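Student: Sending over a structure as C-alpha cells; questions will come in a sec.
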Amino acid sequence: IKKSPKLVTWVQDLWPNILAETGIINNKLILKVLDYFVRNIYDSNDLLLAQSESFCKEIRKKTKTKIKLLYNPGNSDKFLQKKIKKKTISLLYAGNIGNAQPWHLLLNCLNDYDFKNRNVKLIICGEGQKKNFLLKFIKDKKLKNIIYKGFVVGKKLEKEYKNSDILLIMLKKGLYLNKTIPSKFQTYLSKGKPILALSDGEVGKILKKNNLGFVTRPSNEKKIKMIFNKVVNLKKSEIEKKSSNVKKFYIKNFSQKKINETLIKQLND
C-alpha cells in the first residue's frame with residue numbers, strides 16, 4: 001500500500017501582494033489570478049512554513065492549512081572579531097543598491113546632518129539601479145566619508161565585515177515589504193555585529209525586542225539624524241554589549257544547526 005506523501009511549502013514571499021507593492025505588476029486582473037493560484041497552492045499543502053511572524057499572520061488570511069514559523073538560517077556560525085581601537089565608527093552596507101531602500105532619504109539626511117564632519121564613515125558595497133544616483137550625490141556633496149567600493153564578494157567582503165563596527169540595513173516603508181526578513185539580516189547577524197535598521201517592520205521589531213542594535217522608521221528625517229548622532233557617539237563598551245547580544249541571539253534563533261533541528265522536528269510532527 002503506497003501512502004500519499006505529505007506536502008510542505010516554505011513561504012519566502014507574500015505573493016501577489018509584494019508584486020503590487022513594489023510596482024512589478026499593477027494589473028488588477030493579473031493580481032487577482034495570481035492570488036487565486038497562491039490560495040490553491042496554500043490549500044494543497046499539509047503544512048506551510050513561514051519565514052517571519054508577520055508572514056504567518058498574512059498567510060492565515062488565505063488558507064486554513066497549518067502554519068509554523070521557520071526562520072531562514074544564516075550562512076556562517078563563525079563570528080568576526082574586531083578590536084575596537086579607532087575613534088572613527090565604521091558602518092557597512094552590503095547588498096542591493098535599489099528601489100527597495102530609501103537612498104534619497106538617507107543621503108539627504110546625512111548631508112543635512114553634516115555627516116562629512118563627523119567621526120564616522122559609511123562603507124557601501126553592492127550594485128543596483130540606484131548606484132549612479134548614489135555616486136553623483138556623494139560627488140556633488142563632497143561626502144568623503146561615504147565610500148563606495150562596488151560589487152565585493154568572497155574574502156574581500158569578509159574583510160569589510162570584519163573591519164566594520166555596525167551594519168546598516170534599510171527597507172522602504174511598505175505594508176508587505178516590511179513583513180519580510182531579508183536574507184541580508186541573517187547574514188548580518190552571523191557576523192556578530194550590532195545592526196542599524198531603517199525599518200519599521202519585522203526586522204525592527206526583532207532588533208528592538210532583543211537589544212541587537214538601533215532602529216528608526218525609514219520615513220522620518222528627524223529620527224534618522226537622531227539615530228546617526230547616537231551611533232556616532234557610541235562608546236566601545238556599548239558596541240561590545242550589543243555585539244554579545246547579537247551572537248547569543250543568532251545562535252539561539254538563526255544558526256544553521258538551530259534551523260535544521262526546528263525543520264526536522266516540524267516535519268516529524
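Student: Kindly state, to the nearest 0.05, the FRET efficiency for Lys6 paired with Leu175, given R0 = 30 Å and r defined as their beta-carbon distance. Don't jump to the answer; show the numbers that get you there.
Tutor: On the way: r = 32 Å, r/R0 = 1.07.
Computed FRET efficiency for Lys6 and Leu175: 0.40.
Student: Roughly how far apart, in whole Å, are the Cα centres of the range 137-181 and the range 118-134?
Tutor: Each part reduced to its Cα centre gives a spacing of 6 Å.
Student: Direction-averaged shadow area of the convex hull around the Cα atoms of the range 99-249, nm²?
Tutor: Working: hull surface 34.0 nm².
Taking a quarter of the hull surface, the average projection is 8.5 nm².
Student: For every other residue with a beta carbon closer than 13 angstrom to the beta carbon of Leu47, add +1 if it is Lys or Arg and -1 if Asp or Glu, then tell me the sum. The partial results should precede the final answer.
Tutor: Numbers: positive: Lys6, Lys64, Lys66, Lys68, Lys265; negative: Asp43, Asp46, Asp269.
Every neighbour counted, the sum reads +2.
Student: What 222 nm value per residue comes from the helices of the chain, counting each DSSP H run with n ≥ 4 as -39,500 (n - 2.57) and dividing by all residues, nearest 500 deg cm²/dmol?
Tutor: Numbers: 11 runs with 120 residues, N = 269.
It comes out at -13500 deg cm²/dmol, rounded to the nearest 500.
Student: Oh, and also: Give the span of the range 128-175's Cα atoms along each principal axis, as three whole-Å numbers ordered largest to smallest.
Tutor: Between the extreme Cα coordinates on each principal axis of the range 128-175 lie 35, 29, 20 Å.
Student: According to the Cα gyration tensor, what semi-axes, each the square root of 5 times an eigenvalue, does the equivalent ellipsoid of the range 17-140 have, listed from largest to smallest in whole Å? It would help to have the intermediate numbers written out before the result.
Tutor: Working: eigenvalues 311, 104, 26 Å².
Three semi-axes, in Å: 39, 23, 11.
Student: Then there is this: Out of every Cα-Cα pair in the chain, what percent are more than 35 Å apart? Write down the numbers at each step before the final one.
Tutor: Values: 7905 of 36046 pairs.
When every Cα pair of the chain is considered, 22 percent fall beyond 35 Å.
Student: Residue-wise, which Karplus ³J(HN,Hα) couplings in Hz belong to the range 97-114, taking 6.51 cos²θ - 1.76 cosθ + 1.60, θ = phi - 60°, and x for glycine or proline?
Tutor: So the Karplus estimates, Gly and Pro as x, are 9, x, 7, 7, 10, x, 5, 4, 5, 4, 5, 5, 5, 5, 5, 5, 6, 6 Hz.
Student: Right, something else. Would you look at the GNM of the chain, springs on alpha carbons closer than 10 Å, and say which of Leu14, Leu171, Leu34 moves the most?
Tutor: Among Leu14, Leu171, Leu34, the largest GNM mean-square fluctuation belongs to Leu34.
Student: If the elastic network links every pair of Cα atoms under 10 Å, which of Lys142, Lys131, Lys173 fluctuates the most in the Gaussian network model of the chain?
Tutor: Lys142
Student: If amide hydrogens are placed 1.01 Å from N in the peptide plane, which non-local residues have theirs closer than 5 Å to the one on Leu196?
Tutor: Amide H to amide H, under 5 Å and 5 or more residues apart or across chains, Leu196 pairs with Leu167, Leu168, Ile169, Phe214.
Student: How big is the range 191-269 by the Kirkwood estimate over distinct Cα pairs, in Å? All intermediate terms of the calculation are to be shown ahead of the outcome.
Tutor: On the way: mean 1/r = 0.0713 Å⁻¹.
Hydrodynamic radius (Kirkwood, Cα only) of the range 191-269 equals 14.0 Å.
Student: Once fully extended, how much extra length lies between Ile24 and Asn117, figured as 0.36 nm per residue of separation less the alpha-carbon to alpha-carbon distance?
Tutor: Values: separation 93, 0.36 × 93 = 33.48 nm, distance 3.94 nm.
Fully extending the segment from Ile24 to Asn117 adds 29.5 nm.
Student: Right, here's the next one. With label points built 7 Å along Cα→Cβ from the Cα atoms of Arg60 and Asn96, find their separation and express it in nm.
Tutor: Each label point is offset 7 Å from its Cα along the Cβ direction, giving 2.8 nm.
Student: Set the Förster radius R0 to 25 Å, insert the Cβ-Cβ distance between Lys209 and Glu158 as r into 1/(1 + (r/R0)^6), and round the FRET efficiency to 0.05.
Tutor: Working: r = 29 Å, r/R0 = 1.14.
So, using R0 = 25 Å, E works out to roughly 0.30.
Student: Of the residues Tyr36, Tyr71, Tyr161, which exhibits the maximal mean-square fluctuation in a Gaussian network model of the chain defined by a 10 Å Cα contact cut-off?
Tutor: Tyr36
Every number in this text was worked out from the coordinates using simple rules, so none of it is lab data. Computed from a predicted model, the values in this text were never measured in an experiment. Here the Cβ is made from the backbone with ideal geometry for all residues, glycine too, and neighbour counts use every protein chain on show.
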